[in-house]
Amino acid sequence: MKHSKYWLFILIILIDGSLSEVKSQASREVVAEKELVDYVNPYIGNIHSLLKPTYPTVHLPNSFMRVNPARVDYTDVTLKGLPLLRPGKDYSAFNLSPFQGEESEITPVISFTYDNEEVTPYSYSVILDENETEVNFGVSHQSAVYQIKFTEKKDAFVILNAEKGEMRWDGKGLSGYQLLENGVRVYVYLLPNQVPVNNYVLENEELIDRKYAEGENASMVLKYSKDTQEINLYYGISFISAEQARKNMEKEVLSADIEELQLEGRKIWNDALNRIKAEGSEDDKIVFYTALYRSYYRPVSLSEDGRYFSASDGKVHEDNGIPFYTDDSAWGTYRALHPLNALLDAEKEEALLTSYLRAAEQLDKFRMPKTMNVTGNQLGMHSNDILISFLDAYNKGIRDFDLGKAFKAGKNVVMKRTLAPGSDEPAGRLNKFYRENGYVPAIWGTDKELTPQVKPKIKRMAVSVTLGTAYNDWALAQMAKELNLQDDFQYFCNRSINYRNLFNSRTKFFHPKDTEGKFLSSFDYELSGGQDGKLFFTEGNAWNYRFGLQYNLEDHINMMGGRNAFAERLDSLFTKSLGLPKYRHYLQFPTQTGVVGGFAMGNEPSFHIPYLFNYAGKPWKTQERIRILLRQWFRNDLMGMPGDEGAGAMSAFAVFSFVGLYPVTPGIPVYNIGSPVFEQVNFELPNNRNFEITAKNNSEENKYIQSAILNGQALNKPWLSHADIINGGKLILEMGPRPNKEWGASASSAPPSMPIKCK
């Protein structure tokens, strides 16, 4: 009997132990369960064959505290110190170098070989090889923490460098500023959790016992003893003052340890990414959620405790409870990123547009900025495409901004500033010619006659500027109509069809003209335009700009000879040969990447083109082409981006296209239907409603829509209105391996293109 009790006892223990192990395993699985942020792969696109790569950036959504490894691209074997901030696309501010060794080896910025790097949207860690120093990083909105672990028994140093500015030690922390473009200063306050045994200025390769450094490579050095094992460096950034940087640090990171900071960052990212829930393959989700993460890189809020610095007038202003956003790139972002914001976060889009109006008031002569970054009005591209985003938001019910001010500021910039790309000069002879003739001339003696408007390196981009200005004028006309400004409506409406003035009815291309109104002779639609096509086009050639019109598409189709002729010519863009060896093509057109035939997936002016089959009665070709393009050019690998990421523009294109939608004509509240990659997509909308897309039988082969049901009713058109989505509901698509060439093919089913009527 005793033995029976003994074995029963052992059995209970074993069962209980097994149950405990099962419970423990289940608990571990719950902890290890993938959340959406875990699908983000910041390394996608970190190598590019020709253009700038993507950067694995640590930041919180739309916050100005952004950091990425200080290297050229993923192939770079060294890190140039540890940056404190990436204020713009192509440069960093401040540089931190932890170091163990001899004082004589110290330089303003130390290069390290590195290993075991790990980047997430909210954290960064790496081992610096030479000193075997471990680095861990956590980020907040305006502040961050570097945790440095030293492993060698040598004197330890922390070097803080400003490329051009000043650094100051106050006995507890380091403060200072770095000078950016346009006289803008970015400030820092850095507080180590241990007081150093000494501090120095690094000047002319010597350590000087002083507490203040200024000028080129202003560098302060903090020295720690040989037994120092770990230092936490808390810092804040500000565009207002070093004192505000200190306040930002104290408010956001000083009381949190780095693990808590990273967990909070992880939660914030999950909340942002959860706005779109997608079900599909692991690789597709990785590419998709990485694109969605990059869609939150720009714009950024500069508001700090209710105030913000504006580079438009160099002053600090009250934000009155509405964040001030900047670091936009409207020429690219109006196409997909602004519409994505309008769909997922109308409040942010509203605040961004309000920020443009604030900047307009701060600029001289009350004029809309072309686009904005932290150092002011950005002039790199042509046209004033933010006007399209104002109209787009307004037509989607996002109206808590002054449309009258937007129209006035837009009219001022279109009429009173030069049409020349990359220039902010007053309107001159180029604008006068455009007003009188309705196009930008490609030949006008030499551009010296137009100086200072036309910049020698940027050229005139005559066709692109004509098409872009006409689209901007269309947006102004629609605003004027809404404001009951009949004369303005008539004027800008008439100008909005100026694209017709460059359409060659014989060749069916947009074709540059001289000042006499004659099409240029001996014009090669593939090669003419010089380096990057800049004489006539923006980052492209005539083949891509043949389909560069994004509005009044019914008119464009008619000019091409009707729907069948339009579709045939659209096909020819994807099937034509380059006509040159690739190396020669890329030598002339380095921005025309992601090439398929003559189409360039890697550049913004091409984004809408695959969707144009929907307007020509062949939606199945849009479905086919989009799936192929996504598979070819948007991949889970180091070269998985087809071009320059473009301030989130290309990522927003991918986000829309992966879920099966795309806004071909911003300004018209309509989304074209493509071919969703995912079986199931759920949008969590800002009005607490949901919109679902279900693609039944979806697969690599089953990419063609057989039929569609929207909210229980049959849908036989390849588009949805903004109201269809924002009001909530469900779209069910039946997918198959062969195209249903009848679905959405009738002329009455084509997406609205708002034919222009000026009377």
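The values are calculated or read from the model by the stated rules, or taken from the named source; none is laboratory data. Keep in mind that what you see is a predicted model, and the values were worked out from it rather than measured. So basically every Cβ, Gly included, is an ideal-geometry build from the backbone, and we count neighbours across all protein chains shown.
A few remarks follow.
- Of the set (1) at pLDDT 95 or above; (2) within 27 Å of LEU302 (Cβ to Cβ); (3) not small (Gly, Ala, Ser), all apply to PRO98 but (2).
- Any hit, the stretch 53-64, residues being under 20 Å from THR107 (Cα atoms) and either touching a residue at least 24 places away in the same chain (Cβ under 8 Å) or surrounded by 21 or more Cβ atoms within 10 Å (Cβ to Cβ) (or both): no
- Taking the conditions (1) closer than 20 Å to VAL119 by Cα; (2) among the hydrophobic types (A, V, I, L, M, F, W, C); (3) part of a loop (DSSP other than H, G, I, E, B) in turn, ALA256 satisfies each one other than (1).
- Single residue of LEU302, LEU261, LEU254, LEU233 found to be at pLDDT 95 or above and closer than 30 Å to LEU343 by Cβ: LEU302
- Here is the figure for the stretch 235-269: residues that are aromatic (Phe, Trp, Tyr) and touching a helix residue (DSSP H, G or I) at 6+ places or on another chain (Cβ under 8 Å) total 2.
- Within the stretch 192-226, being crowded, with 17+ Cβ neighbours inside 10 Å and either assigned to a loop (DSSP other than H, G, I, E, B) or among the aliphatic types (A, V, I, L, M) (or both) holds for PRO196, VAL201, LEU202, LEU207, ALA213, ALA218, MET220, VAL221, LEU222.
- Selection from the stretch 730-759 of residues that are touching a Phe, Trp or Tyr at 6+ places or on another chain (Cβ under 6 Å) and under 30 Å from ALA346 (Cβ atoms): ALA750, PRO751
- Among the residues making up the stretch 94-116, those that are of a type in the set (A, V, I, L, M, F, W, C), in a strand (DSSP E or B) and in contact with a Gly (Cβ under 9 Å, 6 or more places away or on another chain) are PHE94, LEU96, PHE112.
- Which numbered condition VAL119 misses (of (1) touching a Pro at 6+ places or on another chain (Cβ under 7 Å); (2) closer than 24 Å to ASP305 by Cβ; (3) β-branched (Val, Ile, Thr)): (2)
- ASP637 modelled with pLDDT of 95 or more and either farther than 19 Å from LYS534 by Cα or not hydrophobic (A, V, I, L, M, F, W, C) (or both): yes
- Subset of the stretch 419-439 [within 19 Å of ALA359 (Cβ to Cβ) and part of a loop (DSSP other than H, G, I, E, B)]: GLY422, SER423, ASP424, GLU425
- All conditions in (1) closer than 18 Å to VAL287 by Cβ; (2) without any contact (Cβ under 8 Å) to a residue 60 or more places away in the chain hold for HIS585, with the sole exception of (1).
- Enumerated helices (runs of 4 or more DSSP H) restricted to the stretch 511-576, each holding at least 3 residues that are within 23 Å of ILE628 (Cα to Cα): 542-545, 563-575
- Some residue of the stretch 426-448 being among the basic types (Lys, Arg) and under 23 Å from ASP319 (Cα atoms): no
The rows are residues; the columns are (1) touching a Leu at 6+ places or on another chain (Cβ under 7 Å); (2) in contact (Cβ under 8 Å) with a residue 60 or more places away in the chain; (3) of a type in the set (Asp, Glu).
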residue: GLN178; (1), (2), (3): no, yes, no
residue: GLY183; (1), (2), (3): no, yes, no
residue: PRO196; (1), (2), (3): yes, no, no
residue: GLU203; (1), (2), (3): no, no, yes
residue: ILE237; (1), (2), (3): yes, yes, no
residue: ASN270; (1), (2), (3): yes, yes, no
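- For the stretch 507-518, the criterion of being buried (at least 20 other Cβ atoms within 10 Å of the Cβ), hydroxyl-bearing (Ser, Thr, Tyr) and either touching a strand residue (DSSP E or B) at 6+ places or on another chain (Cβ under 7 Å) or on the phi > 0 side of the Ramachandran plot (or both) is met by none of the residues.
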